[in-house]
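**Q** Below: one structure in structure tokens.
No lab work stands behind these numbers, since they all come straight from the coordinates. Owing to the predicted nature of the structure, the values given are computational and were not obtained by experimental measurement. No Cβ is skipped: glycine too gets one built from the backbone with ideal geometry, and neighbour counts run over all protein chains shown.
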Number of protein chains: 2
Amino acid sequence: MVTMQQVADRANVSISTVSFVVNNTKPVTPQTRERILEAIDALGYRRNATARALATRRSHVIALLYPLMERNLNSFVEAAAAAAEAQGYHLMLWPVRPDNQAAEVTSLIKSGIADGVLLLEVQLDDERVAKLREANAPFALIGRTRDTDGIDFVDIDFEQATTDAVDYLAGLGHRQLALVIEEFDGTALAGYSPPTRAEQTFRNATADLGLDGRVFRVPRDPLAELALAHQLVEQAPQTTAIIVMHDEASFGLVNGLRRRAVAIPGDLSIVSIAPATALGLLIDPGLTTYDAPGGELGGRAAEALIAHLKGRDGPPTQVLVACQRHDGASVGLAPTGRPPLDTLQSVSTKG
Amino acid sequence: MVTMQQVADRANVSISTVSFVVNNTKPVTPQTRERILEAIDALGYRRNATARALATRRSHVIALLYPLMERNLNSFVEAAAAAAEAQGYHLMLWPVRPDNQAAEVTSLIKSGIADGVLLLEVQLDDERVAKLREANAPFALIGRTRDTDGIDFVDIDFEQATTDAVDYLAGLGHRQLALVIEEFDGTALAGYSPPTRAEQTFRNATADLGLDGRVFRVPRDPLAELALAHQLVEQAPQTTAIIVMHDEASFGLVNGLRRRAVAIPGDLSIVSIAPATALGLLIDPGLTTYDAPGGELGGRAAEALIAHLKGRDGPPTQVLVACQRHDGASVGLAPTGRPPLDTLQSVSTKG
DNA sequence: TTGTAGGCGTTATCAG
DNA sequence: CTGATAACGCCTACAA
């Protein structure tokens, strides 16, 4: 850790002078200030928040009490918090804007506010991971990067879920499948790996079984989600089963299909993979889903990180957590002799 | 603030001995330990996390980086974080289980991890507020308690929204209204004020206008939400307009009504007040909603708290933020001569 | 304009 | 088993 004293030494001034420029609390000659700033920069100095807090008796932190109601889909956060507590640690949620995460994450560690970091929404090539590595800061991922060498992560096994879903649908006689994934290009999540991996797996699995597999990328945008039904009907009218890996698209999709008199699951079966919201139950018909055990993800990630902090050595924790299928009423046998979706409207009698 | 030294003095031991029992780091005679524990208890001592962190070079905190994507309805958290940052503060989210919030909240302050607290999901009589007051800890509420004397709060003006909704619907000729609110009895949110206040306002507003107003209390539970449509049809078949103040019930309600061939808004108009999720757009038809400006709530609450921390005196910040109506397609003129809802199924031709 | 030194509340080492 | 005492890194009078 770089201290003020080290900065002072390098700049040939006393520690108080450094304090003055760091805090802008007293005037300092431009030249000395310059030297100090140079030293700070060269050494990568960050003021230690803990020491500052102790000296000033103010932490400069305000806390938003964040009640863990089941409602917030935070079984995940809850389990992480519980795991931390069990180890004598506290979990804090550090809100960051997507654009400056990489910067914040290192300052969080260097300033001493936290000992380690848990990362969410990990991208294939994640800048935050790079920064943490070079800062030598302990971290664990929920999700994973392309290169997982030596790093702790706990991830959902999207490959397993996707393969399982394809097998399951194929077993029911479906031969024309579609996959709906979220389009992240142009958003802060570009490069987000789960959709990418799911797509890959889907293409392989369908190819292996000799099935027809179409992929639809849909941005997170109500209009696009509503348009999806149209797109699907127009571009892949032979489809009999859809795998959706997109939190919100399922709503628009079901509504759009209903409007077109497509019967679910009579004409078309739908499976949703790892939906973040538990609203599937409220859709009519209830969705068949592959659910990720949020608690296990959060808990194991926190444990891995803390084990690290406690000085445990050995191989990194690298876990894939399987999703489990929960049967709703949105999947059925493949229809026989069903006309193409785009002609269905005039043929079908009842949705 | 109570320090170890004070505990030591009261127990007639040295500060190190206190440290030993607090941290269980060395054996101590049962008698002295007893004296120390007594002193700790009597003085309300809490180990200062900052000093401890400085001495041990470990904060015992792990951070979960919490990306603020628009998706998570955290315009609210985002604004609070931004407001804090603008004032040289950091916002942290402190996850707590609903059952021990009151205990956590004071230890959070006493341990020096945070300077002040923002409270969500405030109840009419909130234990946390009582604790914070007696601990003399700075706080601000998002929401409000029954007694708001001298405390900073920013709340949604549910009264305004409810009154406005009743007026709006009455203006369209509706005379048989229903209000759907969340049932919190038996949950951690029992006594939660918004539904209570909305109910009160609804009863007054309908009475003032000579309208018929029915109230339905629905737990947050998919089954109950689906049953709501049935309940409504059976118990208040003359209803022509519903005001929903229940995040999820609207889904079940719309689906349930559709199944019963109730046309929206032909037979029945629906308005949703301050839905936490923006999924209203995905319902068919799009819901007319009263939306609370989350950013304003979070931002102003954080500002009020920090102003306090910075020593500003004067009257407390007490703000009611108005909701704004966003027209969807779920509201129409009151139907004339529509049969009771419970007989509608056989009469209506199309949903 | 810059430096010195005491203190913030704990922990940890080393004596008793 | 218990007690002094020197850190931890920074802030802030007070002095120079």
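**Q** How big is D, in µm² s⁻¹, for the protein assembly as shown by Stokes-Einstein at 37 °C and 0.692 mPa s if Rh is the Kirkwood radius over C-alpha pairs?
**A** On the way: Rh = 28.3 Å.
Stokes-Einstein gives a translational diffusion coefficient of 116 µm²/s.
**Q** Still on this structure, please answer the following. Net charge within 9 Å of A:F20 by Cβ-Cβ distance, Lys/Arg positive one each and Asp/Glu negative one each, not counting A:F20 itself?
**A** Numbers: positive: A:K26, A:R33; negative: none.
In short, +2.
**Q** If you don't mind, another one. Run the label-point distances for A:L124 please: 7 Å along Cα to Cβ, every other copy, nanometres, shortest first.
**A** Spelled out, the distances from A:L124's label point are 5.6 nm.
**Q** Of all the residues in chain B, which one has the C-beta that comes nearest the axis relating B to A, and what is the distance in Å?
**A** B:L93, 2
**Q** Inside 10 Å of the C-beta atoms of A:316-328, what's the mean count of C-beta atoms belonging to other chains? Please list the in-between numbers first.
**A** Values: counts 0, 0, 0, 0, 0, 0, 0, 0, 0, 0, 0, 0, 0.
Mean inter-chain Cβ contacts per residue within 10 Å come to 0.
**Q** Count of lysine pairs in the protein assembly as shown with Cα atoms under 21 Å apart, counting only pairs 8 or more residues apart in sequence or on different chains? Walk me through the numbers before you get to the answer.
**A** Working: A:K26/B:K310; A:K110/A:K131; A:K110/A:K310; A:K310/B:K26; A:K350/B:K350; B:K110/B:K131; B:K110/B:K310.
Qualifying lysine pairs in the protein assembly as shown: 7.
**Q** Considering every residue in A:91-103, what mean count of other chain Cβ atoms within 10 Å of its Cβ is obtained? Spell out each step's value before the answer.
**A** Values: counts 7, 12, 10, 12, 16, 7, 7, 4, 0, 0, 4, 0, 0.
If you average over the peptide's residues, the count of other-chain Cβ atoms is 6.
**Q** Just to be sure I understand: of the beta bridges DSSP finds with both ends in the range A:113-217, what percent are antiparallel, rounded to 5? Mind showing how you got there, number by number?
**A** Numbers: 1 of 13 bridges.
Once the DSSP bridges in the range A:113-217 are tallied, antiparallel ones form about 10 percent.
**Q** For the residues B:I15, B:I151, B:I264, what sequence is obtained by ranking on other C-beta atoms within 10 Å, fewest first? Mind showing how you got there, number by number?
**A** On the way: B:I15 14, B:I151 19, B:I264 22.
Taking fewest neighbouring Cβ atoms as first place, the list is B:I15, B:I151, B:I264.
**Q** For the range A:213-322, place one equal point scatterer on every Cα, skip the solvent, and apply the Debye formula. What is log10 of I(q)/I(0) at q = 0.11 Å⁻¹?
**A** Taking Cα atoms of the range A:213-322 as identical point scatterers yields -0.47.
**Q** Within 10 Å of each Cβ in peptide B:111-118, how many partner chain Cβ atoms are there on average? Round it to a whole number, please. Walk me through the numbers on the way to the answer.
**A** On the way: counts 2, 7, 7, 8, 8, 5, 4, 5.
Mean shielding by partner chains, rounded to a whole number: 6.
**Q** Still on this structure, I have one more. Share of antiparallel DSSP beta bridges in the protein assembly as shown, in percent to the nearest 5?
**A** Values: 9 of 87 bridges.
So the antiparallel bridges amount to about 10 percent of the total.
**Q** From the mean inverse distance of alpha carbon pairs (Kirkwood) and the Cα radius of gyration, derive Rg over Rh for chain A.
**A** Values: Rg = 25.8 Å, Rh = 23.2 Å.
Rg divided by Rh gives 1.11.
**Q** Whole-Hz Karplus ³J(HN,Hα) for the range A:137-143, in order, using 6.51 cos²θ - 1.76 cosθ + 1.60 and θ = phi - 60°, x for Gly and Pro?
**A** With coefficients 6.51, -1.76 and 1.60, one gets 9, x, 7, 9, 10, 10, x Hz.
**Q** Here is a follow-up. Just round it to a whole percent: the fraction of Cα-Cα distances in the range A:92-228 exceeding 24 Å.
**A** Working: 4029 of 9316 pairs.
That fraction is 43 percent.
**Q** Compute the label-point distances linking B:L209 to its equivalents in the other copies; points lie 7 Å from Cα along Cα→Cβ; give nm, one decimal, shortest first.
**A** Taking the point 7 Å beyond Cα along Cα→Cβ, the inter-copy spacings are 5.5 nm.
**Q** Moving on to the next point. Could you tell me what fraction of 2.2 N^0.38 Å the Cα radius of gyration of the range A:4-132 comes to, as a two-decimal ratio?
**A** Details: Rg = 18.5 Å, N = 129, 2.2 N^0.38 = 13.9 Å.
Normalised by 2.2 N^0.38 Å, the Cα Rg of the range A:4-132 equals 1.33.
**Q** Percent antiparallel among DSSP beta bridges with both residues in chain A, to the nearest 5?
**A** 10 percent
**Q** While we're here: Roughly how many debye, to the nearest 20, is the charge dipole of the range B:91-248 about its Cα centre, given +1 on each Lys and Arg Cβ, -1 on each Asp and Glu Cβ, and no other charges?
**A** On the way: 13 positive and 27 negative charges, 18 e Å.
Taking the Cα centre of the range B:91-248 as origin, the dipole is about 80 debye.
**Q** So, one more: Give me, ordered by chain and number, the residues 5 or more places off A:Y290 or on other chains with an amide H under 5 Å from its own placed amide H.
**A** A:S272, A:I273, A:A274, A:H326
**Q** Where Lys and Arg each count +1 and Asp and Glu each count -1, what net charge lies around A:V96 among other residues with Cβ under 13 Å from its Cβ? Spell out each step's value before the answer.
**A** On the way: positive: A:R97, A:R128, A:K131; negative: A:D99, A:E104, A:E121, A:E127, B:E78, B:E85.
Once positives and negatives cancel, what remains is -3.
**Q** Over 12 Å, how big is the tail of the calculated P(r) for the range B:194-252, in percent of all Cα pairs?
**A** On the way: 1167 of 1711 pairs.
Tail fraction, whole percent: 68.
**Q** Give me A:H246, A:H174 ranked fewest to most by other Cβ atoms within 10 Å of their Cβ, as a rough exposure proxy.
**A** Values: A:H246 26, A:H174 23.
By the 10 Å Cβ count, ascending, the order reads A:H174, A:H246.
**Q** Sort B:M4, B:M92 by Cβ crowding within 10 Å, fewest neighbours at the top.
**A** Working: B:M4 20, B:M92 25.
With the fewest neighbours first, B:M4, B:M92 line up as B:M4, B:M92.
**Q** Quick one: Cα centre-to-centre distance for the range B:167-185 and the range B:13-44, in angstrom?
**A** The range B:167-185 and the range B:13-44 have Cα centres spaced 60 Å from each other.
**Q** Another question, then. Every other copy gets compared here: list the nm distances from the B:G44 label point (7 Å along Cα to Cβ) to its counterparts, shortest first, one decimal.
**A** 4.4
**Q** Quick one, could you list the DSSP H helices from chain B stretching 18 Å or more along their long axis (Cα atoms) with average Kyte-Doolittle hydropathy of -1.0 or above?
**A** Details: long enough: B:30-43 (19 Å, -0.36); B:158-171 (19 Å, -0.06); B:193-208 (22 Å, -1.31); B:222-235 (20 Å, 0.43); B:294-309 (23 Å, 0.42).
Helices meeting the span and hydropathy rule in chain B are B:30-43, B:158-171, B:222-235, B:294-309.
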